[in-house]
1. Just to be sure I understand the filter: pairs with C-beta atoms under 9 Å, separated by 6 or more residues or on different chains, first member in the stretch 63-77 and closer than 17 Å to SER27 by Cβ, second member exposed (fewer than 14 other Cβ atoms within 10 Å of the Cβ) and of a type in the set (Val, Ile, Thr). Which pairs pass?
2. Is it true that some residue in the stretch 54-65 is modelled with pLDDT of 95 or more and part of a loop (DSSP other than H, G, I, E, B)?
3. Applying the selection to the stretch 1-44, what residues are farther than 29 Å from ARG74 by Cβ and at pLDDT below 95?
4. What are the residues in the stretch 34-49 that are under 17 Å from VAL24 (Cα atoms) and touching a Leu at 6+ places or on another chain (Cβ under 9 Å), if any?
5. For residues that are surrounded by 12 or more Cβ atoms within 10 Å (Cβ to Cβ) and among the basic types (Lys, Arg), scanning just the stretch 34-88, find the one that is farthest from the chain's Cα centre (by Cα).
6. How about the stretch 20-33: which of its residues are polar (S, T, N, Q) and surrounded by fewer than 15 Cβ atoms within 10 Å (Cβ to Cβ)?
Amino acid sequence: MPNIRSAKKRARQTKTRTLTNLSVKSSVKTAVRRCHEAISELGPEASAKELNHAYSVIDRAAKKGVIHPNKAARLKSSLATRATQSGEASEA
(Lines give C-alpha, C1' and ligand atoms only; values in the text may rest on other atoms or scores of the structure.)
Protein backbone atom coordinates (compact mmCIF):
# COMPACT_ATOMS: atom_id res chain seq x y z
CA MET A 1 0.00 0.00 0.00
CA PRO A 2 1.47 3.37 -0.98
CA ASN A 3 2.26 5.92 1.71
CA ILE A 4 2.97 8.96 -0.44
CA ARG A 5 -0.03 11.04 -1.46
CA SER A 6 0.79 11.04 -5.18
CA ALA A 7 1.31 7.27 -5.10
CA LYS A 8 -2.11 6.83 -3.48
CA LYS A 9 -3.66 8.92 -6.22
CA ARG A 10 -1.89 6.86 -8.90
CA ALA A 11 -3.25 3.68 -7.29
CA ARG A 12 -6.79 5.08 -7.42
CA GLN A 13 -6.35 6.12 -11.05
CA THR A 14 -4.95 2.73 -11.98
CA LYS A 15 -7.93 0.96 -10.43
CA THR A 16 -10.39 3.17 -12.32
CA ARG A 17 -8.55 2.82 -15.63
CA THR A 18 -8.25 -0.95 -15.22
CA LEU A 19 -12.01 -1.26 -14.84
CA THR A 20 -12.60 0.98 -17.85
CA ASN A 21 -10.14 -0.96 -19.99
CA LEU A 22 -11.72 -4.28 -19.00
CA SER A 23 -15.10 -2.95 -20.05
CA VAL A 24 -13.80 -1.78 -23.43
CA LYS A 25 -11.97 -5.07 -24.05
CA SER A 26 -15.12 -6.97 -23.19
CA SER A 27 -17.15 -4.91 -25.65
CA VAL A 28 -14.57 -5.64 -28.37
CA LYS A 29 -14.78 -9.37 -27.72
CA THR A 30 -18.58 -9.27 -27.71
CA ALA A 31 -18.72 -7.34 -30.99
CA VAL A 32 -16.29 -9.74 -32.66
CA ARG A 33 -18.24 -12.77 -31.39
CA ARG A 34 -21.56 -11.33 -32.59
CA CYS A 35 -20.03 -10.57 -35.96
CA HIS A 36 -18.74 -14.14 -36.29
CA GLU A 37 -22.18 -15.46 -35.38
CA ALA A 38 -23.89 -13.16 -37.87
CA ILE A 39 -21.53 -14.16 -40.68
CA SER A 40 -22.05 -17.87 -40.05
CA GLU A 41 -25.85 -17.59 -39.70
CA LEU A 42 -26.88 -14.79 -42.05
CA GLY A 43 -24.14 -14.67 -44.65
CA PRO A 44 -21.84 -11.79 -45.53
CA GLU A 45 -24.42 -9.43 -47.06
CA ALA A 46 -26.88 -9.60 -44.18
CA SER A 47 -24.13 -9.34 -41.58
CA ALA A 48 -22.75 -6.05 -42.92
CA LYS A 49 -24.40 -4.14 -40.06
CA GLU A 50 -22.65 -6.27 -37.44
CA LEU A 51 -19.37 -5.99 -39.35
CA ASN A 52 -19.59 -2.18 -39.35
CA HIS A 53 -20.43 -2.17 -35.64
CA ALA A 54 -17.47 -4.44 -34.85
CA TYR A 55 -15.15 -2.21 -36.90
CA SER A 56 -16.38 0.83 -34.97
CA VAL A 57 -15.88 -0.78 -31.55
CA ILE A 58 -12.41 -2.06 -32.50
CA ASP A 59 -11.34 1.34 -33.85
CA ARG A 60 -12.55 3.13 -30.72
CA ALA A 61 -10.63 0.72 -28.49
CA ALA A 62 -7.46 1.26 -30.52
CA LYS A 63 -7.94 5.03 -30.45
CA LYS A 64 -8.24 4.97 -26.66
CA GLY A 65 -5.09 2.87 -26.41
CA VAL A 66 -6.84 -0.09 -24.83
CA ILE A 67 -5.69 -2.44 -27.59
CA HIS A 68 -2.66 -2.10 -29.84
CA PRO A 69 -3.32 -0.66 -33.32
CA ASN A 70 -1.82 -3.76 -34.92
CA LYS A 71 -4.22 -5.98 -32.97
CA ALA A 72 -7.11 -3.82 -34.15
CA ALA A 73 -5.96 -4.20 -37.75
CA ARG A 74 -5.54 -7.94 -37.28
CA LEU A 75 -9.05 -8.34 -35.83
CA LYS A 76 -10.63 -6.29 -38.61
CA SER A 77 -8.70 -8.22 -41.25
CA SER A 78 -9.77 -11.57 -39.87
CA LEU A 79 -13.42 -10.45 -39.79
CA ALA A 80 -13.24 -9.23 -43.40
CA THR A 81 -11.54 -12.44 -44.53
CA ARG A 82 -14.13 -14.58 -42.80
CA ALA A 83 -16.96 -12.55 -44.35
CA THR A 84 -15.57 -12.88 -47.88
CA GLN A 85 -14.83 -16.60 -47.45
CA SER A 86 -18.36 -17.11 -46.21
CA GLY A 87 -19.65 -15.29 -49.29
CA GLU A 88 -17.58 -17.43 -51.63
CA ALA A 89 -18.72 -20.62 -49.90
CA SER A 90 -22.38 -19.65 -50.19
CA GLU A 91 -22.04 -18.84 -53.90
CA ALA A 92 -20.34 -22.12 -54.75
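1. LYS64/THR20; VAL66/THR20
2. Taking every residue of the stretch 54-65 in turn, at least one turns out to be modelled with pLDDT of 95 or more and part of a loop (DSSP other than H, G, I, E, B).
3. Selection gives MET1, PRO2, ASN3.
4. CYS35
5. ARG82
6. Correct list: THR20, SER23, SER26, THR30.
The values are calculated or read from the model by the stated rules, or taken from the named source; none is laboratory data. In this text, all values refer to a predicted model and were calculated from it rather than measured experimentally. As a convention, Cβ positions derive from the backbone with ideal geometry for all residues, glycine included, and neighbour counts pool all protein chains shown.
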